[in-house]
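Coordinate-derived values only; no laboratory data. This is a predicted model, so every value here is computed, not measured. Here Cβ is always computed from backbone atoms with ideal geometry, including for glycine, and neighbour counts include all displayed protein chains.
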Amino acid sequence: MQQLRALIFDVAADLPQTGGLVETLKWGEPSYLPKKKCVGTTVRIGPSKIKDYAIFVHCQTTLIDEFRHMLPDNFYYEGNRGVHFNVGTPLDKERLRLLISNALTYHQRQKVKSD
């Protein structure tokens, strides 16, 4: 989970439109959201009921569906809310960067689509 946290901060550093990150607890789990309002959605990390740990996004977004469509066999997905991992299995950081980036800019990207 520490590697996911570091990756989230690393991705956010490349996204100036977020204004940085707010790190907080939601449902008792580390959660990260852009400082600027209406830019992105929360990314949360925590223990998984399916595997060892997971990265979660808001279930009413299309993020997991989009990610699953692009990379159907690369990750273990849970519905429309999470990607799950096992301890000891290396993270595919390059591909996860895309999910994190898309989450932290979700609302901004949705606005562009509708314009």
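Things to note:
- Neighbour-limited loop hits for trypsin sites (Lys or Arg not before Pro), region 1-55 (at most 12 other Cβ within 10 Å; DSSP other than H, G, I, E, B): 35, 37, 49
- Think of it as helices only: each DSSP H run of n ≥ 4 in the chain is worth -39500 (n - 2.57), and spread over all residues that comes to -10500 deg cm²/dmol at 222 nm.
- The length gained on full extension between residue 80 and residue 62, counted as 0.36 nm times the residue separation minus their Cα-Cα distance, comes to 5.8 nm.
- Qualifying GluC sites (Glu not before Pro) for region 1-87 [loop in DSSP, other Cβ within 10 Å: at most 13]: none
- Distance in nm between pseudo-label sites at residue 112 and residue 69 (7 Å out along the Cβ direction from Cα): 1.6 nm
- Each of 43, 87, 22 has some number of other Cβ atoms within 10 Å of its Cβ, and from fewest to most they run 87, 22, 43.
- If you run the Gaussian network model on the chain, springs between alpha carbon atoms under 10 Å, then out of 83, 11, 57 the most flexible one is 11.
- Net charge dipole size for the chain [Lys, Arg +1 and Asp, Glu -1 on Cβ; Debye, nearest 20]: 340 debye
- Between residue 92 and residue 23, the simple spin-label model (points 7 angstrom out along Cα→Cβ) gives 2.7 nm.
- Computed about the Cα centre, the dipole magnitude for region 63-115 is approximately 200 debye when only Lys and Arg (+1) and Asp and Glu (-1) carry charge, each at its Cβ.
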